[in-house]
Every structure is written in C-alpha cells, then in structure tokens.
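Working notes, structure below.
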Amino acid sequence: MNEIDPARRFSTDAVRKLDGQADSGKPGTLNSVARQVASQYRRDTMSPIMASGVLRMIEFALLFLSGLCVYVWYLGFFTYLGWQYTLTIAAASFLAVVLLDVTDCYQVSSLMRPIANFNRILLVWAGTFALMALTAFVMKMSEEYSRLMFGTWFVVGFILLFGLRLAIANLIRRWARDGRMERRAVIVGGGKAAEVLIRSVEKQPYNDIRICGIFDDRNDKRSPPIVAGYPKLGTISELIEFARIARIDMLIVSLPLTAETRVLQLLKKLWVLPVDIRLSAHSNALQFRPRSYSYIGSVPMLDIFDRPINGWDSVAKRAFDIVFSLIGILLFSPVMLATAIAIKLDSKGPVLFKQKRHGFNNEVIEVYKFRSMYTDKADPTAKQTVTKNDPRVTRVGRFIRKTSIDELPQFFNALLGSLSLVGPRPHAIAAQSHNLLYNEVVDGYFARHKVKPGVTGWAQINGWRGEMDTNEKIRMRTEYDLYYIENWSMLFDLRILLLTPLRLLNTENAY
C-alpha cells in the first residue's frame, strides 16, 4: 500500500527549506515546515482494526439474512422448523466469520487482495458447511433439513461474500489514497538504521503504515537531514509538540538494543504520548522468540508501550459515556435547575462558568461548571487555588463546591465528548503549586493526558480531591491517575462511577 506512493514523501524544495531551518527557532519549538506537516495530519483516521471489526458484523448480517431469504423462498415464511433453521443459519454465519478471522482474512493485506485470497475464502465457506453437515450427521438430524436449500445458500452466500470483498477492496484503496484509513508512524532516530527500517517497511506490499517524518536529537553525519526520501523534522523534544498537533498512531524507535541508555532516555520523554511505541528489531542481532514480536508486514517490532483505551475499547467507553451522561442529566435535572435559580438569586453574573483545561493529548478544552465565585473575582486560569473560607466564593458557591454540585454541568461535556465520565480530572491550564506548574512538580505529569479526562476518577474516590496545596498531593493524584490508565476496564469505570456518590460524602478537602 505504501511501497510505490511517492506522494507520501516530501519535495526537494521542502526538504531544502527544512534543512535551512533545522537549527532555527527555540528549543522544543517546531520549525515552520514541521508544523505544516503536522497540520496535514490533524484529521483523525479510520482505524483498520475498527474497519475490520465493522466488516465482521456486516458479513455476519449478510450471510445470516441471505440464509433466511433462501429458507423463506424454498420453505415458506417460517412454516417448517422455523426456529431450528434460524438457529442453524445464525450458527453457520457466526462460524464462517470466526474461521475467516482465524485464517487472517480480516487483515488489511487480505482485504486489499480478494482475488488472491479467493481460494482461502472459498475453503472457509466450504469448511463451514462441512462442519455443519458433520454436526447434523452426529446429531442424527440431517434428514430433517433441505439439502437443496443449503446448497442454494452455499452458492448465494459465497457470491455475496466475495462480491462484498471486491467492493471493500476498492473502498480501502480509496481510503488509503485519501489518507482516511492508515496508521501514521514517526521514525525516532535517523541515519543508516532508519534508512534500513524505512526500506524494509516500504517493501511490504500491502501494509497500512504512512511514515510522517523522522525525529532525532543528533545533527551530524550519523543523522543526515534526509533519510530514504523522508526529512528529519526536528528533535525528540519537538516530536512531543508534533504529536500534540498531528494524529499520530505509532512511534517506531530505530535504535539498536545495544544503545540501551539512549533508548531509555528516549522512552522517558516519549511515554507521555497517547501512541503505540515500537522498537524496531529488524537490524538487531539479539533474537527473541517469535511471540515476542509484533509485525508490520514482515518487519519485526518489540512492543514497548500500547496506546491505552484503543480500538473497540474506545467505542465501548464512548457508549458508556453517552448512556450514563443522559441518565445523569435526567436524574439531576431538578437539582441543576434549583442550583441555577439559587446562583441567580445569590449574586450577579452568569449561571455557568467556563474554564479552559488540559484535555486528551494535552489539548485545551472548555469545561462547564456552575459559577461558585463572584463574577468580578473569578479566576478562569485557576492560578490561585481556592482555599478554606476563600472570600471569592459566594454563599451558594460554598455549598455547591462542598457537595460537588458545581460539577454537574460536566455531564454535558461528557455527552458532547470533550470529557469522559471517568478518567483523570482535568486541571486548569495555569494551575500551580508554590508558583510551579503541575507538570514542573511531577515528572511525567502529562502522561495523565494519554486518555480523555473525566468528570470523576480513581484519585477522587480515594480522597485526592479539592485543594492541591502541596506537591505531595499533586504527586499522589497523578499516581492514582496513572494507575487508572494502566488498569482500565469497563468494570473499573462502573465501579468508580457507583462509588463516587458515596465518596463525595467526605467533604474534608472540598472548599
């Protein structure tokens, strides 16, 4: 998919321009060309995993419905063994999808070459019917089923299945050309090792990797400005900013395992990003067991970090947010209405207070709260934390802050998607402790932003809510947030959500 796509590389003029700007600008600040490249990849892509998952469901539905239609055509509308035929057709359709999955027919390389996989698809479909016939024989039920009906379904089902595969192949190719379905990768480390890696990836005929550029701290003969036609866009520190702008899926570190110190230094900087991090094992002399590797085509990779809450997990979490946000809005609408009236009667100003906070991947989002301070004394940046008996807080504000009622409008944030119901709490962009920003207090603080922030979280139900007046409190909150990210599951989210009302009864740290 990538091996003959010259449009993915950069023009000579752009490279020369980049080379002239490579050492310009402040440390950690992207040069203009790197920023332009990053802006080209701002749009989210369609995950190949998600696409193949949807295809599984479509193919199951297609086979199941075609089987029912053939049944109705031959035997009437559920007049003979209705539920038995329906169950058998459903089981056979499900088995076919499972066998297609087991034989790697849902891999991108297979989906893009349906003609080359014709025999495999036919074998899977025939194997499904063979297993179905064997089951009927063992259960002594074969005489009760129509052989003509199942023979017709075999032909119709395969025609539909293969026809769908031909259409999907054209669609995937179009999505690949348009950049709508791909895995975007950045190479970390330049020179000969990066060139060997890029050439190896490009040799893979139908992989879904798009190389977006190279980043390396070195600036000498070992790391030239152009490697295999791709420019070096900046340093590792600049890569952090690049990945905050561009929607990058993967970082591939092209350094040998023998450079252990340098690899560890890189990983210490890069682990805060919400991306998969892979260490290229293509040119490493040290060999591991095959199960230790993941592969891009036939290029072996060692998995260092995986992006948390990815693929179907993200779909499940989003569905969880929508369902429980709607329930929360309906359940607490009388409380929110009463609170809005009380705020209006208590002091002048708007009912809602909007505050800019750090969201997923360090993006700035706007979070809704009920206004709890006097309008002329509000601090949207949260540079000065709220303390006990703070004169800026209104009478109603003291109550709604202590009971966390001021956070209820964030149900709408979760419904719209800027927040999740459960996750690390988002902090204001200028939040400080002893004149230090939180990320200056805690090493790896921004790793909290590898997932979408939440209305409630693991740290909050363990007592780390309210005023963050010491560095230790910030460290502990971050530690609990990182534990949540590393151990996330839907049941964990549900547990936190159910425990939140109980833990909010403890108002000791809420002012």
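Odds and ends about this structure:
- Hey, Ser325 of a type in the set (Ser, Thr, Tyr) and at pLDDT 90 or above or not: yes
- On the stretch given as segment 169-219, residues that are of a type in the set (Gly, Ala, Ser), surrounded by fewer than 20 Cβ atoms within 10 Å (Cβ to Cβ) and either more than 20 Å from the chain's Cα centre (by Cα) or within 19 Å of Ile277 (Cα to Cα) (or both) total 3.
- Enumeration of residues in segment 310-320 that are under 18 Å from Asn487 (Cα atoms) and either in a helix (DSSP H, G or I) or hydrophobic (A, V, I, L, M, F, W, C) (or both): Trp312, Asp313, Ser314, Val315, Ala316, Lys317, Arg318, Phe320
- Any hit, segment 326-349, residues being closer than 30 Å to Glu241 by Cβ and either not basic (Lys, Arg) or not in a helix (DSSP H, G or I) (or both): no
- Any chance Ala430 is assigned by TED's automatic domain parsing to the domain that holds Phe399 and either touching a Pro at 6+ places or on another chain (Cβ under 8 Å) or at pLDDT 85 or above (or both): no
- Any pair with Cβ under 7 angstrom, 6 or more apart, that starts in segment 65-90 at a residue that is more than 13 Å from Phe154 (Cα to Cα) and ends at one that is aliphatic (A, V, I, L, M) and exposed (fewer than 13 other Cβ atoms within 10 Å of the Cβ): Tyr74/Leu148
- Number of the exception - Leu264 against (1) at pLDDT 80 or above; (2) surrounded by 15 or more Cβ atoms within 10 Å (Cβ to Cβ): (2)
- Qualifying residue in segment 352-360 (condition: at pLDDT 85 or above and part of a helix (DSSP H, G or I)): no
- In segment 75-93, the residues that are assigned to a helix (DSSP H, G or I) and surrounded by 15 or more Cβ atoms within 10 Å (Cβ to Cβ): Leu75, Tyr85, Thr86, Thr88, Ile89, Ala90, Ala91, Ala92, Ser93
- For Leu55: the one exception among (1) modelled with pLDDT of 90 or more; (2) touching a helix residue (DSSP H, G or I) at 6+ places or on another chain (Cβ under 8 Å); (3) more than 25 Å from Ile209 (Cβ to Cβ); (4) of a type outside the set (D, E, K, R): (3)
- None of Ser333, Ser347 is exposed (fewer than 14 other Cβ atoms within 10 Å of the Cβ), more than 23 Å from the chain's Cα centre (by Cα) and modelled with pLDDT of 85 or more except Ser333.
Residue by residue, here is whether (1) touching a residue at least 12 places away in the same chain (Cβ under 8 Å); (2) within 30 Å of Leu267 (Cα to Cα); (3) among the charged types (D, E, K, R) holds:
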residue	(1), (2), (3)
Gly127	yes, no, no
Asn170	no, no, no
Arg173	yes, no, yes
Ile187	yes, yes, no
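- Only listed residue being surrounded by fewer than 20 Cβ atoms within 10 Å (Cβ to Cβ) and either in the same structural domain as Leu68 (by TED's automatic domain parsing) or over 30 Å from Arg244 (Cβ atoms) (or both), chosen from Leu161, Leu166: Leu166
- Residue in segment 53-69 that is buried (at least 19 other Cβ atoms within 10 Å of the Cβ), on the phi < 0 side of the Ramachandran plot and β-branched (Val, Ile, Thr) present: no
- Leading residue by the ranking (modelled with the highest pLDDT) among those in segment 29-45 that are in a loop (DSSP other than H, G, I, E, B) and surrounded by 14 or more Cβ atoms within 10 Å (Cβ to Cβ): Tyr41
The values are calculated or read from the model by the stated rules, or taken from the named source; none is laboratory data. Small disclaimer: the values here were computed from a predicted structure and weren't measured. Neighbour counts run over all protein chains shown; Cβ positions are idealised from the backbone, glycine included.
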